[in-house]
Amino acid sequence: PFLDDRGNPEQYVTIRVDVTELENTKETLRKIMAQREKFIAMVTHDLKSLAHPIEGYCKMLKEPEILGALNYKQVEAVNEIIDCTKRLEVMISDMHDAYKLDLKQMKFNYEIINLNVLLESIRSTYISFEKEKQIKIIVKVPDKKITINSDEKRLFQVFSNLIRNAIDFIPQNEGKIELGALVQSRCVVFYLRDNGIGVEAEKQE
């Protein structure tokens, strides 16, 4: 408003902005994101559907009374297929989760978890690698009674990625992975340590 000598509005200046095009663009983007989400969900579902029968037939191959007995090398090959299939399923889930994180739509299910039980269950998942590659996976916790309020599935997911990566870079027959936690004030700090080649200094940041 332009005011007169007495401070009353005398004239007005009005600015109009047409946001029709902007709103149309936003709506188009919303539709694209919805289609993208639907596509990712469909792809991950279909890939998982393909992985399940592979694992199922492998398990059948290991049953002598169903398809006959296998020799030692054949059993090893079947086990390798099963391991690869499980890794593939994890990667598929990770792909979907990465998309959820990008959209800030990741959901967490909090529950009381015993720290030692959690880390031991993660370790037990990789017992086959200990035998196959002659490596050691050690769990270290300050107190076996410590509990935390967190999402067990997500913690398991993070550690699985770290352990799989560590296994690829530690020496066979002498490899060692330490999975542990430290208590600092009212928080728990997790860590994973290995005797692999490490990350180059310029890439650590």
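Restricting attention to the range 126-153, the residues that are more than 19 Å from GLY196 (Cα to Cα), surrounded by 15 or more Cβ atoms within 10 Å (Cβ to Cβ) and under 21 Å from the mean Cα position of the chain (by Cα) total 4. Hey, does the range 98-108 have a residue that's over 23 Å from SER49 (Cβ atoms) and touching a Ser or Thr at 6+ places or on another chain (Cβ under 9 Å)? Checked the range 98-108: at least one residue is over 23 Å from SER49 (Cβ atoms) and touching a Ser or Thr at 6+ places or on another chain (Cβ under 9 Å).
Matching residues to (1) small (Gly, Ala, Ser); (2) within 25 Å of ASP97 (Cα to Cα); (3) at pLDDT 90 or above:
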{"site": "VAL139", "(1), (2), (3)": "no, no, yes"}
{"site": "ASP143", "(1), (2), (3)": "no, no, no"}
{"site": "GLN172", "(1), (2), (3)": "no, no, no"}
{"site": "GLU178", "(1), (2), (3)": "no, no, yes"}
{"site": "TYR191", "(1), (2), (3)": "no, yes, yes"}
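For the range 134-153, the condition holds for at least one residue, the condition being that it is within 23 Å of ILE92 (Cβ to Cβ) and part of a helix (DSSP H, G or I). Looking across the range 37-62 at every residue that is farther than 16 Å from ILE92 by Cα, assigned to a helix (DSSP H, G or I) and not aromatic (Phe, Trp, Tyr), the one that is most open to solvent (accessible area, probe 1.4 Å) is identified as LYS59. Taking (1) in a helix (DSSP H, G or I); (2) surrounded by fewer than 14 Cβ atoms within 10 Å (Cβ to Cβ); (3) more than 12 Å from the chain's Cα centre (by Cα); (4) of a type in the set (A, V, I, L, M, F, W, C) in turn, PHE108 satisfies each apart from (1).
Looking only at residues that are of a type in the set (Ser, Thr, Tyr) and part of a helix (DSSP H, G or I) in the range 1-36, which one is farthest from LEU88 (Cα to Cα)? Steps first, please.
Residues of the range 1-36 that are of a type in the set (Ser, Thr, Tyr), as a first pass: 12, 14, 20, 25, 28.
Restricting the remaining residues to those that are part of a helix (DSSP H, G or I) gives 20, 25, 28.
On the way: THR20: 45, THR25: 37, THR28: 34 Å.
The extreme case among them is THR20.
Say whether the condition of being hydroxyl-bearing (Ser, Thr, Tyr), open to solvent by 100 Å² or more (accessible area, probe 1.4 Å) and at pLDDT 85 or above is met by at least one residue in the range 71-78. No, the range 71-78 contains no residue that is hydroxyl-bearing (Ser, Thr, Tyr), open to solvent by 100 Å² or more (accessible area, probe 1.4 Å) and at pLDDT 85 or above. State all residues of the range 166-190 that are without any contact (Cβ under 8 Å) to a residue 12 or more places away in the chain and either among the small types (Gly, Ala, Ser) or open to solvent by less than 90 Å² (accessible area, probe 1.4 Å) (or both); if no residue qualifies, say none. The answer is SER185, CYS187, VAL189.
The values are calculated or read from the model by the stated rules, or taken from the named source; none is laboratory data. Values in this document were obtained by computation on a predicted structure and should not be read as measured data. All Cβ positions, even for glycine, are placed from backbone atoms using ideal geometry, and neighbour counts span all protein chains on display. Heads up: the accessible areas ignore ligands, DNA and RNA and are worked out on the full protein's heavy atoms, side chains in. Shrake-Rupley method; radii C 1.70, N 1.55, O 1.52, S 1.80 Å.
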